[in-house]
Amino acid sequence: MFTNAAAAQAATAPVNQATLTISNTTLTAIPGSTITLATTGGSGTGAVSYLVSGTGCSVSGSSLTASTVATCVVTATKAASTGFNAITSATKSFSFANANQNPLVVYPVLLGYVPGTSISLSTVGGSGTGAVNYEVTGSGCTLNGT
């Protein structure tokens, strides 16, 4: 019996996977939050892993985070599996940026007071954990704390 070794080897050689794409539609978040990475394409049963570059950027499993304002550049790789070679996606950029705060309102809102009267100020609104600082302008006005 005659066997064609080259033909037998070609029949079992792994083939390239279908194109792998990072499929996220959410590309922005605030620092400290997480973007869950997702892919489409590829072939076979190989696991998908991610590699990220960018200052303050990190990836754990499919969770992308940034500890500061940053642009994180991610590539995905789907591992080889039976019959398929490994494949790497094109890069995709994600932006972590500070968001605008909700409006900040100073209370009390009453506009007329007796001269020499101390008024305690407070605020409602804003976002995040940043401290509130007050500033006063006007002749004869002073500020001591709140």
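The values are calculated or read from the model by the stated rules, or taken from the named source; none is laboratory data. What you are looking at is a predicted structure, and each value in this text was computed from that prediction instead of being measured. Cβ coordinates were reconstructed from backbone atoms using ideal geometry, including for glycine residues, and neighbour counts include every protein chain displayed. Each accessible area value is taken on the protein alone, full model and side chains, heavy atoms only, with ligands, DNA and RNA left out. Shrake-Rupley method; radii C 1.70, N 1.55, O 1.52, S 1.80 Å.
Looking at residue 88, is it out of contact with any helix residue (DSSP H, G or I) (no Cβ under 6 Å at 6 or more places or on another chain), within 30 Å of residue 13 (Cβ to Cβ) and surrounded by fewer than 18 Cβ atoms within 10 Å (Cβ to Cβ)?
Numbers: out of contact with any helix residue (DSSP H, G or I) (no Cβ under 6 Å at 6 or more places or on another chain): yes; within 30 Å of residue 13 (Cβ to Cβ): yes; surrounded by fewer than 18 Cβ atoms within 10 Å (Cβ to Cβ): yes.
Criteria met by residue 88.
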Subset of segment 19-37 (residues that are under 17 Å from residue 93 (Cβ atoms) and either open to solvent by 40 Å² or more (accessible area, probe 1.4 Å) or of a type in the set (Lys, Arg) (or both)):
21, 23, 25, 26, 27, 28, 30, 34, 36
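Matching residues to (1) among the β-branched types (Val, Ile, Thr); (2) more than 28 Å from residue 56 (Cβ to Cβ):
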{"position": "74", "(1), (2)": "yes, no"}
{"position": "88", "(1), (2)": "yes, no"}
{"position": "93", "(1), (2)": "no, no"}
{"position": "97", "(1), (2)": "no, no"}
{"position": "113", "(1), (2)": "no, yes"}
Of the conditions (1) among the hydroxyl-bearing types (Ser, Thr, Tyr); (2) within 30 Å of residue 33 (Cβ to Cβ); (3) surrounded by 14 or more Cβ atoms within 10 Å (Cβ to Cβ), residue 81 clears all except one; give me its number.
(2)
